[in-house]
Amino acid sequence: MVKTRKKERADILVVNANELITLKGGSTSPRTRMQMQNLGIIHKGALAVKNDRVVAVGKTSEVKMKYRAENVISASGKIVMPGFVDPHTHLVFAGSREDEFKMSVEGASYMDILESGGGILKTVKKTRRATVEELVESGFKTLDAMLEHGTTTVEAKSGYGLTVKDELKILRVIKRLNQLHTVDVIPTFMGAHAIPPEYRNKPQQYVDLVVMKMIPQMVAEKLAVFCDVFCEKDVFGLAQSRRVLVAGKNHKLKLKIHADEMSKLGGAELAADVGAVSAEHLLFSSDDGLKAMAEKGVIAVLLPAAAFSLMIGRYADARKMIDFGVPVALGTDFNPSCWVESQQLIIAFACHFMKLTPAEAITATTINAAHAIKKADEIGSLEVGKKADVIILDVPNHKFLGYRFGVNLINKVIKNGRIVFDKEADRSKFFS
Ligand code: ZN
């Protein structure tokens with residue numbers, strides 16, 4: 001007598017995906033060069049989810065043979081992929097800067113805006129005045145928008161407080177958001193984001209404050225995983241940036257650096273030298289700096305929406321970085337002068353302005369972005385044992401990402417094994 005094997009029970013089965021984009025096999029190191037094109041696509045693919053984990057990935061026929069579930073989702077005609085990871089955001093701030101946006105559209109320079117009392121220091125002023133509750137509320141709304149657009153994990157930086165008290169306040173807000181919201185939030189301390197007005201003529205003393213007061217207090221409260229610095233002409237120079245990063249490292253923080261965004265200062269070289277996990281922006285980096293990054297495996301986190309918002313018509317040279325073997329990731333750089341929550345739009349910008357292929361841009365917003373926040377063992381690909389952070393998109397193949405833009409392509413978002421956004425359920429409300 002043939003014994004029929006009993007099927008195992010899963011919570012959710014997603015079946016018949018036109019393309020199941022697994023990105024399998026990239027958990028140990030970020031993808032470089034040609035590997036960035038390899039999405040590990042399974043046609044007619046399926047996956048099974050149990051609790052908060054992926055328990056099976058494969059052809060629909062195979063997965064269905066082994067698993068059954070009450071909740072079976074058809075992804076016929078759609079693509080299924082890991083949730084987007086956004087490795088660079090300035091999530092927590094108060095107020096907005098739309099007046100400056102209008103000024104820049106009318107031709108005002110960055111300096112004109114600063115002189116009119118605008119720019120980052122305007123946001124600092126408002127953020128210092130804001131309460132924890134107010135900041136949690138606005139951060140929560142931003143995370144909602146990100147989640148609806150398919151982002152299931154984000155990195156978030158402090159840096160609009162610039163006092164011990166206010167930097168700690170922002171990091172506590174980030175911690176609270178991570179507890180309250182479905183989206184996972186990875187905290188980065190960035191007290192060295194700008195020189196506050198009260199230290200305008202004594203920047204060295206501000207660096208002392210960051211290194212001697214802020215970092216130790218923030219580490220004592222376990223409020224950050226990463227330490228970041230804005231290394232830029234007229235902000236924090238190379239020596240000051242190095243000091244902040246070394247202090248972070250000595251306190252067991254991992255390092256990130258805003259490098260060469262507006263000028264060629266040597267930020268890429270510094271990132272390689274201090275062993276940073278990632279260097280961000282990199283519009284003006286030297287070839288030597290990029291090669292040093294490739295050699296040390298420093299991830300380039302590129303932020304085309306920030307370059308777009310700067311309106312200088314220049315973007316990071318992603319093709320060169322990929323040729324050099326630098327692993328590339330993409331983020332929104334969500335902040336009050338670059339107000340964008342959608343990694344789908346970032347993919348479109350990366351394809352149009354930096355000539356990444358859709359496949360490379362998908363790699364850069366999933367597995368490589370997960371590496372940029374040191375979470376690739378948990379997220380960024382769809383593999384057995386990894387977290388069930390899964391998105392289903394209303395497009396027939398992955399080349400539609402970047403090609404079709406300006407609308408939300410998300411059909412469903414599964415976060416920690418639960419459906420948290422469902423366009424169809426939402427739509428049905430209008431017809432009930
Ligand atoms: Zn930034």
Using Cα-Cα distances under 8 Å and only pairs 6 or more residues apart, what relative contact order does the stretch 1-150 have, in percent? 24
Given the protein chains as shown and a 1.4 Å probe, how many square angstrom of Phe400 are accessible, to the nearest 10? 60
Defining a contact as two alpha carbons under 8 Å apart and six or more residues distant in sequence, what relative contact order in percent does the chain show? 20
Once you charge only the Cβ atoms, +1 for Lys and Arg and -1 for Asp and Glu, what is the size of the charge dipole of the chain about its Cα centre, to the nearest 20 debye? 1660
Among Val183, Val132, Ala17, whose Cα projects farthest towards the positive end of the dipole of the chain, with charges put on the beta-carbon of Lys, Arg (+1) and Asp, Glu (-1)? Ala17
With +1 at each Lys and Arg Cβ and -1 at each Asp and Glu Cβ, the charge dipole magnitude of the stretch 21-137 around its Cα centre, to the nearest 20 debye, comes out at 980
To the nearest 20 debye, what is the magnitude of the charge dipole of the stretch 290-396 about its Cα centre, counting +1 on the Cβ of each Lys and Arg and -1 on the Cβ of each Asp and Glu? 320
So what are the chain's ellipsoid semi-axes, whole angstrom, largest first, if each one is the square root of 5 times an eigenvalue of the alpha-carbon gyration tensor? 38, 22, 21
Just how much of Tyr110 is accessible, in Å², when a 1.4 Å probe is used and the result is rounded to the nearest 10? 120
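Can you tell me which of 301-307, 379-385 comes out highest on packing, and rank the rest after it, using the mean Cβ neighbours within 10 Å?
301-307, 379-385
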Quantify, in whole percent, the carbon and sulfur part of the accessible surface of the chain (1.4 Å probe; protein heavy atoms only). 53
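Between the DSSP loop rule and a limit of at most 15 other Cβ atoms within 10 Å, which GluC sites (Glu not before Pro) in the stretch 29-124 are left?
Loop-located and lightly packed - Glu106.
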Farthest toward the dipole's positive end in the chain, which of Val85, Ile257, Val246, given Cβ charges of +1 (Lys, Arg) and -1 (Asp, Glu) about the Cα centre? Val85
Give me the number: length gained by fully extending Phe400 to Asn178, i.e. 0.36 nm times residue separation minus the C-alpha to C-alpha distance, one decimal in nm. 76.8 nm
Kindly write out, for the stretch 258-269 in residue order, the coupling ³J(HN,Hα) from the Karplus curve 6.51 cos²θ - 1.76 cosθ + 1.60 (θ = phi - 60°), rounded to whole Hz, with x marking Gly and Pro. 7, 10, 6, 7, 10, 7, 8, 10, x, x, 5, 4
Could you give the longest part of the chain that holds none of the trypsin sites (Lys or Arg not before Pro) found in DSSP loops with at most 10 neighbouring Cβ atoms within 10 Å? 7-199
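Per the Kirkwood formula on distinct C-alpha pairs, the Rh of the stretch 280-426 is how many angstrom? Don't skip to the answer; put the middle values down first.
Details: mean 1/r = 0.0620 Å⁻¹.
Taking the inverse mean of 1/r over all distinct Cα pairs, the stretch 280-426 comes out at 16.1 Å.
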Of Lys44/Lys141; Lys126/Lys252; Lys157/Lys423; Lys126/Lys202; Lys122/Lys254, those spanning more than 26 Å from alpha-carbon to alpha-carbon: Lys44/Lys141; Lys126/Lys252; Lys157/Lys423; Lys122/Lys254
Sort out for me the Cα centre separation of the stretch 69-109 from the stretch 293-334, rounded to whole Å. 17
Starting from the Cα of Lys24, draw a straight line to each of the aspartates and glutamates and keep only those under 17 Å, dropping any in the same chain fewer than 8 residues away. Glu360, Asp377, Glu378, Glu383, Asp389
For a quick check of understanding: with a 1.4 angstrom probe and all protein chains in place, what accessible area in square angstrom does Asp52 have, to the nearest ten? 50
Say we join alpha carbon atoms closer than 10 Å with springs in a Gaussian network model of the chain; which of Glu360, Glu133, Glu148 then has the biggest fluctuation? Glu133
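The values are calculated or read from the model by the stated rules, or taken from the named source; none is laboratory data. Everything numeric in this text was worked out from a predicted model, so none of it was measured. Glycine gets a Cβ as well: all are built from the backbone with ideal geometry, and neighbour counts include every protein chain shown. Heads up: the accessible areas ignore ligands, DNA and RNA and are worked out on the full protein's heavy atoms, side chains in. Shrake-Rupley method; radii C 1.70, N 1.55, O 1.52, S 1.80 Å.
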